[in-house]
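The values are calculated or read from the model by the stated rules, or taken from the named source; none is laboratory data. These numbers come from a predicted model, not from an experiment. Here the Cβ positions follow ideal geometry from the backbone for every residue, glycine too, while neighbour counts run over all protein chains shown. Note: accessible area is taken over every heavy atom of the protein model, side chains too, but ligands, DNA and RNA are not part of it. Shrake-Rupley method; radii C 1.70, N 1.55, O 1.52, S 1.80 Å.
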Amino acid sequence: MSLLEQYEQQYASLIAEITAHIGRLQQQNNNSERHDLCSKIDSSLPEAQELLEQMGLEVRELNPGQRSSFNGKLQVAQAELKRLQAEYRMTKDKQRSQANTFTTLDLGDSYDDVSISTDQRQRLLDNSERIERTGNRLTEGYRVAVETEQLGAQVLNDLHHQRETLQGARARLRETNAELGRASRTLNTMMLRALREKVVLYGVGVCFVVAVGVSLYLTFAPSSSSSVSS
């Protein structure tokens, strides 16, 4: 496993932990437990930001194709971290506002106090559920994006191998065409040579026939002339 993948796993685990802490903080009424949760979140958020920076440094060392892919992941991760930071600030502000409201309430009517506290608790629970559902959707979306990216990388890898195969086949085809061209030229040369040899042979044959005819003529012609004279 590469260092970048280790950073990704650590970041995903840390984000899940921060999300869980924020969800618990939104449902928590105990001051000491809220303080502990805030301390954990305050220490985890800078750690997550530092992991993102380390991932950014590692991404710079990748080749251009991988770099563009991981830059998209970094943007998604940075957006998720900013969302958690904003959600954490809103949660603290809401709890601070609620604490101030509880301080100024008229404690003479205990029934009204219980009713207001129950309504606020219900609203907090509803908000927490909505936030949890949103976080689950974001996590699922991130998972789908990662799977899609992996599938795209696999497709690109397959296309790259197919391209190399086609280039190899094309090179072999060019070599075969060159060999056929050389063989065709050699065959033409041999045919021309055979044709020249045949022409020469026919010429020699014709010369031989003519020579034989001339010889026969010269041989029998004087004899015929002598017979006529006698």
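Enumerate the lysines that Lys94 could reach by cross-link, defined here as Cα to Cα under 19 Å, with residues fewer than 8 away along the same chain left out.
Excluding near neighbours in sequence, the set is Lys40, Lys82.
Net charge within 14 Å of Leu4 by Cβ-Cβ distance, Lys/Arg positive one each and Asp/Glu negative one each, not counting Leu4 itself?
Details: positive: Arg60, Arg67, Lys73; negative: Glu5, Glu8, Glu53, Glu58, Glu61, Glu149.
Surrounding charge for Leu4 is -3.
How would Met55, Met90 line up by accessible area, probe 1.4 Å, largest first?
Details: Met55 10, Met90 130 Å².
Largest accessible area first, the list is Met90, Met55.
Which of rounded, prolate or oblate describes the stretch 2-86 when judged by the alpha-carbon gyration tensor and an a/c cut-off of 1.5?
Working: a/c = 3.43, a/b = 2.77, b/c = 1.24.
Taking the square roots of the gyration eigenvalues as a ≥ b ≥ c, the stretch 2-86 is prolate.
What number comes out for the charge environment of Leu37, summing +1 per Lys or Arg and -1 per Asp or Glu over other residues with Cβ under 12 Å away?
Details: positive: Arg24, Arg34, Lys40, Lys92; negative: Glu17, Glu33, Asp36, Asp42.
That sum, taken over residues with Cβ under 12 Å, equals 0.
Within the set of other residues whose C-beta is less than 14 Å from the C-beta of Leu57, count the net charge using Lys and Arg as +1 and Asp and Glu as -1. Write down the numbers at each step before the final one.
Values: positive: Arg60, Arg67; negative: Glu8, Glu50, Glu53, Glu58, Glu61.
Local net charge: -3.
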